[in-house]
Structure formats: structure tokens, C-alpha cells
1. How about region 140-214: which strands (runs of 3 or more DSSP E) wholly inside it have at least 3 residues that are more than 15 Å from the chain's Cα centre (by Cα), touching a residue at least 24 places away in the same chain (Cβ under 8 Å) and more than 16 Å from Ile126 (Cα to Cα)?
2. Condition check: closer than 24 Å to Ser133 by Cα, surrounded by fewer than 20 Cβ atoms within 10 Å (Cβ to Cβ), under 20 Å from the mean Cα position of the chain (by Cα) and modelled with pLDDT of 95 or more. Does Ala300 satisfy that?
3. Give me a count of the residues in region 429-448 that are within 18 Å of Arg385 (Cα to Cα) and either in a strand (DSSP E or B) or hydroxyl-bearing (Ser, Thr, Tyr) (or both).
4. Looking at region 145-189 only, could you name the residues that are among the polar types (S, T, N, Q), open to solvent by less than 30 Å² (accessible area, probe 1.4 Å) and either under 24 Å from Lys79 (Cβ atoms) or in contact with a Pro (Cβ under 7 Å, 6 or more places away or on another chain) (or both)?
5. What pairs come out if I take residues in region 120-133 that are over 22 Å from Val306 (Cα atoms) and touching a residue at least 24 places away in the same chain (Cβ under 8 Å) and pair them with residues that are among the charged types (D, E, K, R) and buried (at least 16 other Cβ atoms within 10 Å of the Cβ) whose C-beta lies under 6 Å away, six or more apart or interchain?
6. Exactly one condition in (1) open to solvent by 30 Å² or more (accessible area, probe 1.4 Å); (2) over 30 Å from Thr288 (Cα atoms); (3) of a type in the set (A, V, I, L, M); (4) touching an Asp or Glu at 6+ places or on another chain (Cβ under 9 Å) is false for Ala400; which is it?
7. Can you name every residue in region 439-450 that is closer than 17 Å to Gln370 by Cβ, surrounded by 12 or more Cβ atoms within 10 Å (Cβ to Cβ) and not small (Gly, Ala, Ser)?
8. Which of the residues spanning region 412-438 are open to solvent by 60 Å² or more (accessible area, probe 1.4 Å) and either among the charged types (D, E, K, R) or closer than 22 Å to Thr363 by Cβ (or both)?
Amino acid sequence: MHKSMSHLAFAWLFMTALVLPQAAAAKEATDDSEIIYVFKQNDTVSALAKRYFQASKSYNDIIRHNGIRNDRAIPVGFKLKIPHDYLKYTRSSGTVRAFRGDVAIAAKNKPARNVSVGMPVTEGDILATNKASSLSLAFADGSIVTMPSNSVIRVTRLRKILLTGSIDYEFALDRGGIRSKVTPFRNRQDRYRTRTPISVSAVRGTDFRNRYDPDTGNSFAELVEGGLEVSAIDTDATDALTLEPGFGAAISTQSLAKLQMPPAPRLASSGGLQKRELVTFRLKNNDTVRAYRVQLSRDAGFIEIVDDMEASDNNIAIADVADGNYFAKFTAFGENGLEGLPTTIAFKRRLNTVNASADIGDTGYNFRWQGAGEGKRTYHFQLYRTGNEQALENFTPTGAAMVEQSGLKASGVTLSDLPEGRYFWRVGTQLFFDGEMDESWTDFKEFTVK
């Protein structure tokens with residue numbers, strides 16, 4: 001799965017990161033959010049500052065900020081408000097859980113690192129996925145971040161606050177998408193946020209998605225599970241939105257709107273066993289949907305994603321899917337731009353097809369075939385003689401075949417001395433895979449002996 005990173009891939013990553021909107025960079029320079037510290041017996045702000053503040057003298061700012069007159073007379077249980085940027089922290093880290101395709105990881109102003117499963121990801125890293133690529137990251141608290149194709153994020157905060165033992169994670173989405181599956185917080189002061197240049201999403205144990213398109217300047221946040229608070233940057237909408245599962249936010253430079261997500265798509269037919277050349281699914285039609293998205297993964301958590309594509313209609317076909325057991329996740333894009341709730345199914349992929357042809361040779365009538373798919377294989381040949389009135393498209397075998405051979409290992413048979421008449425024939429392929437047998441047939445084909 002691993003490939004050495006090309007210079008072009010890193011150039012694409014680095015140039016994308018350098019052209020970030022200046023306003024977004026300015027917004028990230030400060031952090032006015034706060035933690036709440038509950039005073040214990042013998043606590044003083046000055047003592048806390050010496051041990052836990054980045055600058056011990058800043059305790060005067062905190063005293064004024066909290067309206068404290070006497071540092072040594074603060075009662076037990078007092079809730080002290082402290083901005084995050086005042087506090088000492090230790091660096092946390094994540095690891096690459098899975099990836100596919102062309103993925104680039106670099107620290108700003110440093111050489112790119114070759115991507116491998118298990119490699120560390122730290123604060124300051126820039127992560128990018130190219131076309132037909134994806135990246136999944138795992139963090140110490142159990143949270144999972146997944147990036148689809150054509151996405152760029154920066155790890156802007158990956159910290160543990162010493163005073164409270166709480167985590168402080170933040171990711172900046174500069175292009176494309178990011179899915180966050182955040183472990184429910186154990187510490188009330190834990191914080192997980194994703195930013196785009198025009199919005200901030202803050203969560204407390206949830207499964208949600210963010211998307212940002214720098215070409216249009218529009219951003220979307222969509223909540224699948226848990227709770228999510230979304231606020232806009234530099235818009236007339238100053239109040240944050242609180243989202244419930246099934247709702248999303250559409251953000252532009254002028255507005256912040258809460259909208260309902262499209263419902264989960266419904267399958268018109270079960271995925272079941274996929275043995276044709278293309279893996280296909282058919283969803284029930286919905287006139288309010290403008291496009292569908294399907295992801296294939298080898299795990300139910302969609303960490304090891306093997307394909308991620310959009311389809312313009314409800315008939316989905318995917319090429320080049322290797323044999324194996326998979327999960328498929330389907331979502332719909334509504335007219336409001338939001339991506340909807342997911343439907344997930346499990347299916348088996350066992351490629352088992354056969355192509356066949358017939359011609360006349362020196363020794364008789366030659367029937368040839370070729371099977372596709374991994375595993376032990378045998379073939380089954382049938383030949384029927386029928387009346388001239390029988391239509392090929394309506395032909396259904398009745399009675400015994402004129403010629404029937406099964407368990408064939410060869411890729412063809414030759415028949416001589418066939419009497420004049422009209423014939424229908426077909427070939428089946430019997431594939432044995434992991435102790436299971438599956439049989440697939442060609443459509444009936446026709447030829448005439450004169």
C-alpha cells in the first residue's frame with residue numbers, strides 16, 4: 001500500500017497550505033476560550049500561576065478577569081476562569097491508522113515525511129490527500145479523524161493541559177473534508193474543535209463532518225451523532241448554532257444557517273454477493289437529491305477506506321474492487337448542499353465472471369470461454385436445440401440439454417457432426433473460494449447449423 005511521496009505530491013500540498021486566507025491565519029493567532037478551575041483547600045491564584053501558567057506574573061490578569069480582590073480569601077468551590085492561552089501544556093500526538101493513494105504529511109518549513117501506518121502526527125503538521133486517496137488518524141483518547149480525497153488540514157492544537165489534565169485538540173480544514181469521530185469526553189474541560197476559514201465547530205463526544213470549498217468560500221458542518229456547536233467567523237451571524245443529530249450548518253461569509261440533512265438513502269436491492277466485473281448498487285430514487293456518495297471500507301468504522309466516490313444518480317457502479325468482505329456507506333447530497341445521514345451495509349466481493357464465444361473450425365464447432373476471479377474453478381457447458389419460432393430473449397430451458405458437460409477444467413470444447421438446426425448455448429463458471437462454491441452463467445447465445 002505504501003508508496004514513496006513524489007515531489008509533485010508535496011509541491012501540491014505545500015502550495016495549498018501557503019495560500020491560506022490571511023484572515024483565517026489571524027483568527028488562529030489568539031484563543032479567547034476559557035477553562036473553569038474549581039478552587040480547592042489552600043489554593044491561591046499566585047500558587048497556581050507558578051506551577052501551571054506559561055508566565056507566572058500573568059496571575060494578575062486572571063485576578064482582574066475574575067473580579068478577585070483578595071487572592072488569599074478565595075472560597076473552596078470558586079470557579080476560576082482561565083483563558084487557554086495562559087496555561088502550560090504537554091504535546092500530545094496521533095498516529096496514521098490507515099491510508100490509501102497519494103497522501104502527504106509535512107511540518108511547515110520542514111521536509112515531507114513518507115507516510116506509513118503507525119507513523120506519528122504532531123501539532124503543526126500539514127496533511128493532504130490527493131485524488132482517489134484517503135487518510136485515517138487515531139489519537140490517544142480514542143478519537144478518529146478521516147480525510148477523504150482532495151483535502152488539506154493542519155493540526156493546529158494537539159495538547160494536554162497540565163492544570164486540568166484535559167485535552168485540547170484543534171484542526172484547521174483548508175480544503176475538502178474531514179470526518180471526526182470523537183470519543184465522549186472523560187474530563188469536563190476536554191476540547192475538540194475543527195476550523196475552516198469562516199467557521200468553528202466545537203464538540204463533546206460526537207460523529208460529525210466538515211467540508212470547505214476555498215473556490216466558493218462556503219463551508220458545511222453535518223452532525224450524525226452526539227452534539228455540535230457551530231459558530232461563524234466575520235459574518236453578521238454572531239450567535240452560535242447548536243445542532244442535533246440529523247441537522248447541519250451552511251456557512252458563508254454572509255450567513256450561518258441551520259438546515260436539516262437529507263435522510264439516509266434506501267437501497268432498492270441488497271448488496272449481497274457482488275460477483276460481476278463492476279460492484280453495483282441501486283438506491284431508491286429521491287427527487288430532492290442532487291448526488292450520492294458511496295464509501296467502501298474493510299471495517300465497520302470506515303477507517304480503512306478503499307474507495308470513495310460520488311454518483312450523479314441512484315445507480316452506482318464501482319470498478320476494480322478486489323475480492324474480500326466489505327462495508328458500504330451511502331449518503332445523499334441535498335439541494336441545500338448538505339450531505340445527509342448514512343446507510344451502511346455489509347457485502348461480499350467474489351469476482352466470478354465468464355466470457356464465451358463460438359466459431360467453426362476444421363474439426364467442428366468450437367466453443368471457447370475464459371473465467372475471471374481468484375480461486376479454484378471448473379466450467380459447465382450446456383447446448384440446446386430449439387425450434388425456429390423460439391426467441392432468444394425469451395428462451396427458458398425445458399427438458400434435458402442436447403449436450404451438457406460439467407466439472408470442466410479446460411477453457412473450451414469442440415463438437416462435430418451437429419445436425420442442421422437452431423441452437424442456444426451457455427457456459428457457467430463454478431468458483432470455489434474459502435470453502436464456498438458460487439456459480440455464474442453467461443446469457444444464452446445463439447447459432448445456426450445449415
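The values are calculated or read from the model by the stated rules, or taken from the named source; none is laboratory data. Treat the numbers as computed from the prediction; the structure is a model and nothing was measured. Cβ sites come from the backbone with ideal geometry, for glycine too, and all protein chains shown count toward neighbours. The accessibility values were calculated without ligands, DNA or RNA, using every heavy atom of the protein model including side chains. Shrake-Rupley method; radii C 1.70, N 1.55, O 1.52, S 1.80 Å.
1. Passing ranges, in order: 151-161, 191-196, 199-203.
2. The answer is no for Ala300.
3. Residues that pass the stated criteria total 5.
4. Result: Ser166, single match.
5. Within 6 Å, the pairs are Ile126/Arg154.
6. If we test Ala400 against (1) open to solvent by 30 Å² or more (accessible area, probe 1.4 Å); (2) over 30 Å from Thr288 (Cα atoms); (3) of a type in the set (A, V, I, L, M); (4) touching an Asp or Glu at 6+ places or on another chain (Cβ under 9 Å), just (4) comes out false.
7. Result: Glu439, Trp441, Thr442, Lys445.
8. Thr414, Ser416, Asp417, Glu420, Asp434, Glu436
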